[in-house]
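Reviewing the structure listed below.
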Amino acid sequence: MSAEAEKIKCLIIGSGPAGYTAAIYAARAGMKPVMYMGLQPGGQLTITTEVDNYPGFPNGIKGPELMSDFYKQAHRFETDIRYGYVTAVDFTGPKHKVVVDETHTIMADAVIIATGASAKWLGLESEQRLNGFGVSACAVCDGFFYKGQDVAIVGGGDTAAEEATYLAKLCKKVYMLVRKDKLRASKAMQDRVKNTANIEMLLNHETIEIKGDKGVDGVLVKNSLTGETKTLSVTGFFVAIGHNPNTEVFKNWLELDEVGYIKNKPGSSKTNIEGVFVAGDAADKVYRQAVTAAGMGCMAALDAERYLAEKGIH
Ligand code: NDP
């Protein structure tokens with residue numbers, strides 16, 4: 001152990017809804033949490049516009065404003081909130097070693113991982129430019145804004161299939177753009193898509209460009225078999241081509257699934273390492289909502305509190 005290692009009781013890695021909720025609970029329980037915010041302070045909600053499905057805000061709230069409120073609440077209970085990115089860990093135990101920005105070493109009794117996941121994007125300039133202005137990676141979050149309108153969604157997995165059927169309930173028409181000649185989604189989900197009258201599936205289609213200036217007004221697509229291009233008239237463009245959980249740094253220590261999501265013990269936030277807990281999208285590929293992440297953050301703080309009490313760490 002390096003001489004200058006900082007010793008703390010509770011370390012929280014990540015600053016989305018899961019991390020901040022864990023911080024609020026841990027701080028109020030007297031665990032003196034230290035939080036590192038990571039590369040994207042505030043997490044995925046900071047790149048969305050309106051959030052209309054987080055309970056408690058009857059008129060909705062902007063994503064960045066919601067995360068600023070999370071920050072203020074965690075700060076009010078004296079969470080030590082810091083800039084920094086975790087670059088290495090050693091979970092040999094019983095104290096957990098975490099290195100921040102390759103320079104600062106922390107030894108923590110309990111660690112809560114809330115590093116989230118990042119949506120995969122197509123990589124188009126127009127997609128980046130119109131992100132939050134008609135382009136979204138979350139139909140459940142943003143679909144409502146396109147009620148009665150025509151939209152497109154790209155992807156052929158379970159997420160795209162589920163989100164296409166979700167959008168079909170709200171929108172007039174949903175184009176589903178699939179790059180291959182078949183979907184990857186489960187048969188049950190494929191059947192749901194095929195049985196939804198207002199979803200038009202375009203197999204073997206790739207997205208060339210999303211059109212629009214201050215919002216989306218169309219999408220240029222190409223049939224990869226014939227080379228034919230056409231513009232679909234849509235006002236919303238949803239990307240559902242998968243997520244990357246931000247868990248790379250933990251892979252030699254924690255049990256991950258084949259994609260990289262951290263495995264938690266069912267019904268708890270416990271990982272395979274005693275004293276290391278996980279919350280939010282780093283462990284959740286199914287729900288991925290701010291409110292579910294916040295709920296898991298609460299669970300992680302309560303589990304960490306019990307763990308410290310059991311070990312007699314006060
Ligand atoms: P997947 O990786 O399963 O699917 C991604 C889809 O996006 C594939 O159809 C892929 O095409 C397509 N794709 C990837 N990159 C591009 C690109 N650049 N351009 C166009 N298309 C692209 O991701 P999901 O998010 O759908 O699912 C992740 C996991 O979560 C899966 O295991 C899934 O089963 C699970 N899940 C379960 C749910 C449930 O149980 N209710 C709900 C949602 C997800 P291609 O096939 O050509 O590679």
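Before moving on, here are some points about what is shown:
- Just one of the numbered conditions (1) closer than 30 Å to residue 216 by Cα; (2) of a type in the set (Lys, Arg); (3) away from the ligand (no atom under 16 Å from the Cβ) is not true of residue 95: (1).
- Counted as qualifying within the stretch 235-314 are the strands (runs of 3 or more DSSP E) with 1 or more residues that are among the aromatic types (Phe, Trp, Tyr), namely 236-239, 276-278.
- The residue of the stretch 1-60 that is modelled with the highest pLDDT, among those that are open to solvent by 20 Å² or more (accessible area, probe 1.4 Å), among the hydrophobic types (A, V, I, L, M, F, W, C) and closer than 21 Å to residue 138 by Cα, is 57.
- Close pairs (8 angstrom Cβ cut-off, 6 or more residues apart or separate chains): more than 22 Å from residue 223 (Cα to Cα) in the stretch 189-201, open to solvent by 50 Å² or more (accessible area, probe 1.4 Å) anywhere: 189/158; 189/162
- Residue check, residue 133 more than 16 Å from the ligand (Cβ to nearest atom), part of a helix (DSSP H, G or I) and not assigned by TED's automatic domain parsing to the domain that holds residue 282: no
- Scan of the stretch 271-292 for residues that are surrounded by fewer than 20 Cβ atoms within 10 Å (Cβ to Cβ) and over 14 Å from the mean Cα position of the chain (by Cα), ordered by number: 272, 273, 274
- Condition check for residue 204: at positive phi, free of Cβ contacts under 8 Å to residues at least 60 places away in the same chain and within 15 Å of the ligand (Cβ to nearest atom): yes
- Set 280, 275, 267: member being of a type in the set (Gly, Ala, Ser) and either without any contact (Cβ under 8 Å) to a residue 24 or more places away in the chain or assigned by TED's automatic domain parsing to the domain that holds residue 170 (or both): 267
- Residue satisfying all of: in the stretch 234-262; touching a residue at least 40 places away in the same chain (Cβ under 8 Å) and open to solvent by 50 Å² or more (accessible area, probe 1.4 Å); nearest to the ligand (Cβ to nearest atom) among these: 241
- Pairs with Cβ under 6 Å, 6+ apart, first in the stretch 152-174 and away from the ligand (no atom under 16 Å from the Cβ), second outside any helix (DSSP H, G or I) and charged (D, E, K, R): 170/147; 172/150; 173/150
- Only listed residue being out of contact with any Pro (no Cβ under 7 Å at 6 or more places or on another chain) and open to solvent by 80 Å² or more (accessible area, probe 1.4 Å), chosen from 200, 162: 162
The values are calculated or read from the model by the stated rules, or taken from the named source; none is laboratory data. Please read these numbers as outputs of a predicted model, since none were measured by experiment. Cβ sites come from the backbone with ideal geometry, for glycine too, and all protein chains shown count toward neighbours. Ligands, DNA and RNA are excluded from the accessible area calculation, which covers all protein heavy atoms including side chains. Shrake-Rupley method; radii C 1.70, N 1.55, O 1.52, S 1.80 Å.
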